[in-house]
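The values are calculated or read from the model by the stated rules, or taken from the named source; none is laboratory data. As the structure is a prediction and not an experimental result, all values here were calculated from the model. As a convention, Cβ positions derive from the backbone with ideal geometry for all residues, glycine included, and neighbour counts pool all protein chains shown. Heavy atoms of the whole protein, side chains included, go into the accessibility calculation; ligands, DNA and RNA do not. Shrake-Rupley method; radii C 1.70, N 1.55, O 1.52, S 1.80 Å.
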Amino acid sequence: MSVDTLMPEVVSGVEKQSFRNAMARLGAAVNIITTDGPAGRAGFTASAVCSVTDSPPTLLVCLNRAASVYEVFNANRQLCVNTLAAGHEELSALFGGKTPMEARFQASDWTTLSTGSPVLAGAVASFDCHVTQVASVGTHDVLICEIHALVCNDQTHGLIWFDRGYHHLARRDA
């Protein structure tokens with residue numbers, strides 16, 4: 001068997017579905033992104049969240065401009081990234097679907113930190129942020145979010161999205 005038969009075919013010009021299939025192989029934390037402010041309260045499920053720098057502490061969040069929550073987030077310019085714990089699968093699905101906004105928030109307990117954006121009780125971590133920059137890329141806006149407050153939970157296990165399904169991550173014993 002030659003090495004060529006072991007390598008997948010390289011496709012020039014990446015098709016949308018091929019890209020989506022490849023991205024399904026990239027495990028990512030599951031997050032509920034929330035906001036509250038003059039434009040109202042809203043939230044959505046996202047895995048497109050990434051650390052940018054620790055000086056100042058900054059994350060990026062990708063938000064589709066066609067999303068029903070887009071105008072609220074764009075106007076409020078503040079948000080909280082709530083990283084979900086094992087057991088939050090139903091909540092993730094609720095915030096990822098067409099459920100009315102009030103019903104989404106009624107499904108769990110919430111508090112606030114400095115921005116007033118909803119902080120999920122029991123999240124692995126919550127990052128309370130102000131949006132400092134926005135870059136439009138294709139169908140999405142990349143929100144650059146400076147963290148002003150955070151809370152971590154040492155009592156929960158993690159939740160990731162991989163191969164189009166949820167998987168639990170156990171914490172290491174300290």
Q. Name the residues in region 47-59 that are outside any loop (DSSP other than H, G, I, E, B) and in contact (Cβ under 8 Å) with a residue 24 or more places away in the chain, would you?
A. VAL49, VAL52, PRO57, THR58, LEU59
Q | Among residues of region 114-132, those that are farther than 17 Å from ALA46 by Cα and either in contact with a Leu (Cβ under 8 Å, 6 or more places away or on another chain) or aromatic (Phe, Trp, Tyr) (or both), counted | A | 1
Q) Does ALA66 count as buried (at least 19 other Cβ atoms within 10 Å of the Cβ) and of a type outside the set (D, E, K, R)? A) no
Q.
Filter region 74-122 down to the residues that are open to solvent by 50 Å² or more (accessible area, probe 1.4 Å), within 21 Å of ARG164 (Cα to Cα) and more than 13 Å from the chain's Cα centre (by Cα) and list them by number.
A. GLY87, GLU90, LYS98
Q) Do you know which of the residues in region 123-174 that are outside any strand (DSSP E or B) and surrounded by 12 or more Cβ atoms within 10 Å (Cβ to Cβ) is modelled with the lowest pLDDT? A) ARG171
Q. Any idea which of (1) more than 17 Å from GLN78 (Cβ to Cβ); (2) open to solvent by less than 50 Å² (accessible area, probe 1.4 Å); (3) modelled with pLDDT of 95 or more is the one ALA24 doesn't satisfy?
A. (3)
